[in-house]
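Everything below concerns the one structure shown next.
The values are calculated or read from the model by the stated rules, or taken from the named source; none is laboratory data. Everything numeric here is computed off the predicted structure, so don't read it as measured data. Quick reminder, even Gly has a Cβ in these numbers, built from the backbone with ideal geometry, and neighbours come from all protein chains shown.
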């Protein structure tokens, strides 16, 4: 077992009350401070059943303004949630800047429970631990304070408390079958918990063991730890963190300037024939994906006016409308900006068997956000790793991930901009921002090349669609998707 | 049966192709027009199983830009959705301004299906029809275009198509048990469908019957109808609609100026005692509500600095954190502003057995939005009816709806503003906007009085909390909630 976190010995009753009064008051003022300084705080309470997580949490939040925190009770995943990656239902509940979220039971409970019940093999369990470490690291690297508390309790005491709860009709619903099983298999559970705590005890998000014999003492420990955690986090706020080495399997990919566009054309006749054939093929494959419950994520990035919209249309129109969704990605709304930049994409993942097509993506972080200074240099430098990690989660979940860079040259862009400007039905497609972006073409080209090199992984590869001839690009996109799906089926 | 909608006879093959080409192209340009003019368009496709809704829809959207429409496939409600009001899962899927949503099967399918299977009694079925009529009217009154198509098909033809689908392993999943049952009970189903179509055929959202023998002809009819529907809607856009008579059971309530505040005080000692007693009582009741799956909605409105936050805190801290949520309501974000103003509240409804507390509410429509011209006069005039209707849905669902007006006088507000301004820890609570609102006190008072008179219904009553003495107001809130819950249990 991890060495118990030691905040000195439990004080005498009077002293405890005094410190508790003080700590409660301080935490309430800290709540205002995190609101003002926009610090997001994620608190996880894990532990044995009947160890008192719920009631201690009830006491802690009693002193907080309920408008600026949420409690997330992580019960069994719903049928819908089970159709998403394991981290999904946890990730979507992270707090916005300036607020607390308290998780009562969370990913530890789920993963150790699934391992103990045999739902996860040893190697799947190991993968989950890695996912969790990445999740928590991404949060703290992105300015979140993550505080994890584990409520320990002995076997006999647990039995005693559960019996007490079960004997009252108003409280017996609080004891689940899982809790009862846990007490029966106490030693086995304890061993798995120990192992989990050990493996996920990281400097950025350490575990605090709380002995829960005395609820007031537990409340005091947690409250004081939250206060000091917040103080430290506020000092570190917006400090740069180390950029990790890119340990993902990256494959070399040509630079944009080395991609020839002139020869990538298709005749109108051939286009018509191939389009029909490819769309028919894709339609059949979509049916198979649906039945085999394989999710597909197709990401489009490319120059303004490169032809993303028309390209996406040719993919979508081959698909059964009940099984796909297209997400146009604009600049984030306030509630999105207040969270980890990948949050809005976690929120838009397809169910298994479905296809999600993104018109612009999470790569905005290393393009527009980088070039327009919407994030710090440390932020975008770190993002290559974070994105590779995100896509790894998707691939490990079983998703086919396909990323398109829609490529045109600068002259072609000018031609298309001018056409848009001069054609009334097309004017909605062009804005002043497009012209401003065009001025930064060379800076963008550098950023794109860096992005392609650093994120062209084996499990989520980039494909360049040469789109000076839009029709050529459409057929290539269709064929690429077909090939990637066939590889899997 | 409704008289079949008649757009002339089915044309000859060649003529049909020609008109279809033209209509497809026109609809694509209409899509850009609705985007520019911010018209939201909700299209419902209902009908017999195997009548071809899905495949005709597939053809229609093939010509549209998939970034600006969504298809909502309304399958059986999930376990989570069943814990919300019947309209919930439909309402949350309405389109934002400028986009299409196509519902493939929707509320008609659900309600007629539940009636046919005996899940709904005759009187419940009647209530559902009324809810649906209100829902569709609220949409069209708020600037939505709602177009409803019913796909008719004969019994023999249905059987033939289902057999064909069932004989192919790639398509057999498309035929549900419900479809098979529908064919067996064809005549009974047809009678219920007829009745439903008849009752929900309203001038603002009429039904169009589509004969689906020929899919191209069906596509042409729908496409041409959508085009003319859009044209009409664009002409009517932002035109005022009639304000309906307030037919809800409204109870008289005193005007603000007739409410005495001076005598509404409580001693500190009494406060401490009563607070403890009331909170204990509420905690017990919360447990019972949870077990009986009764939802509770508590709405707070009141003057700035009236003490809403502290009041809510005293309620929340009596509740089990696993069973309630507090929603602070600020001005709407872009994706919220793009939809019906009640959409963001539909999205925040509690599950049954849970409590939702709103810090400011949907009444913003008839206060700040009215006074700041964020909506038209017709909009806020209509809102009293719409809000009564919304709350009726909640009450009929089984929710306890409690609305608080937190009342102070003008001098007390000034005192509290000044205190906030001069106390560093309280400064976050006061903004320039608060001072500006204060200047409009009298206009607000008129609006509030009108709101109280028009929305104090028997099923969702207002309670004024006299809050010159905040402690008095807190105890009154607790007692009111306890009384309302006890009435129900």
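Overview of results
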| item | result |
| --- | --- |
| Count - residues of region A:281-301 that are more than 9 Å from chain B (Cβ to nearest Cβ) and within 22 Å of residue B:173 (Cβ to Cβ) | 11 |
| Residue count for region A:443-459, restricted to those that are over 18 Å from residue A:369 (Cβ atoms) and part of a helix (DSSP H, G or I) | 1 |
| Condition check for residue B:275: within 14 Å of chain A (Cβ to nearest Cβ), closer than 22 Å to residue A:165 by Cβ and either at pLDDT below 95 or surrounded by 18 or more Cβ atoms within 10 Å (Cβ to Cβ) (or both) | no |
| Enumeration of residues in region B:346-376 that are surrounded by fewer than 17 Cβ atoms within 10 Å (Cβ to Cβ) and within 13 Å of chain A (Cβ to nearest Cβ) | B:347, B:348, B:351 |
| Answer from A:410, A:392, A:440, A:403 - the residue that is more than 14 Å from every other protein chain (Cβ to nearest Cβ), more than 21 Å from residue A:477 (Cα to Cα) and either in contact with a strand residue (DSSP E or B) (Cβ under 7 Å, 6 or more places away or on another chain) or surrounded by 19 or more Cβ atoms within 10 Å (Cβ to Cβ) (or both) | A:392 |
| Any hit, region B:420-433, residues being touching a residue at least 24 places away in the same chain (Cβ under 8 Å), part of a helix (DSSP H, G or I), under 17 Å from residue B:363 (Cβ atoms) and outside the structural domain of residue B:131 (by TED's automatic domain parsing) | no |
| Subset of region B:309-319 (residues that are at the interface with chain A (Cβ under 7 Å from one of its Cβ atoms) and in contact (Cβ under 8 Å) with a residue 12 or more places away in the chain) | B:309, B:312, B:316, B:317 |
| Test result for residue A:95, more than 22 Å from residue A:52 (Cα to Cα), in contact (Cβ under 8 Å) with a residue 40 or more places away in the chain, assigned by TED's automatic domain parsing to the domain that holds residue A:40 and touching a strand residue (DSSP E or B) at 6+ places or on another chain (Cβ under 9 Å) | yes |
| All positions within region A:355-381 that are more than 20 Å from residue A:311 (Cβ to Cβ) and in contact with a helix residue (DSSP H, G or I) (Cβ under 6 Å, 6 or more places away or on another chain) | A:365, A:366, A:370, A:371, A:375, A:380 |
| Residue within region A:366-389 that is at pLDDT 95 or above and within 22 Å of residue B:68 (Cα to Cα) present | no |
| Strands (runs of 3 or more DSSP E) within region B:23-127 that include 3 or more residues away from chain A (no Cβ under 12 Å) and buried (at least 16 other Cβ atoms within 10 Å of the Cβ) | B:41-47 |
| Verdict on residue B:214 being surrounded by fewer than 16 Cβ atoms within 10 Å (Cβ to Cβ) and under 15 Å from residue B:42 (Cα atoms) | no |
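Here is a yes/no grid of residues against (1) over 27 Å from residue B:407 (Cβ atoms); (2) more than 12 Å from chain A (Cβ to nearest Cβ); (3) modelled with pLDDT of 95 or more:
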site	(1), (2), (3)
B:303	no, yes, yes
B:307	no, yes, yes
B:321	yes, no, no
B:327	no, no, yes
B:336	yes, no, yes
B:344	no, no, yes
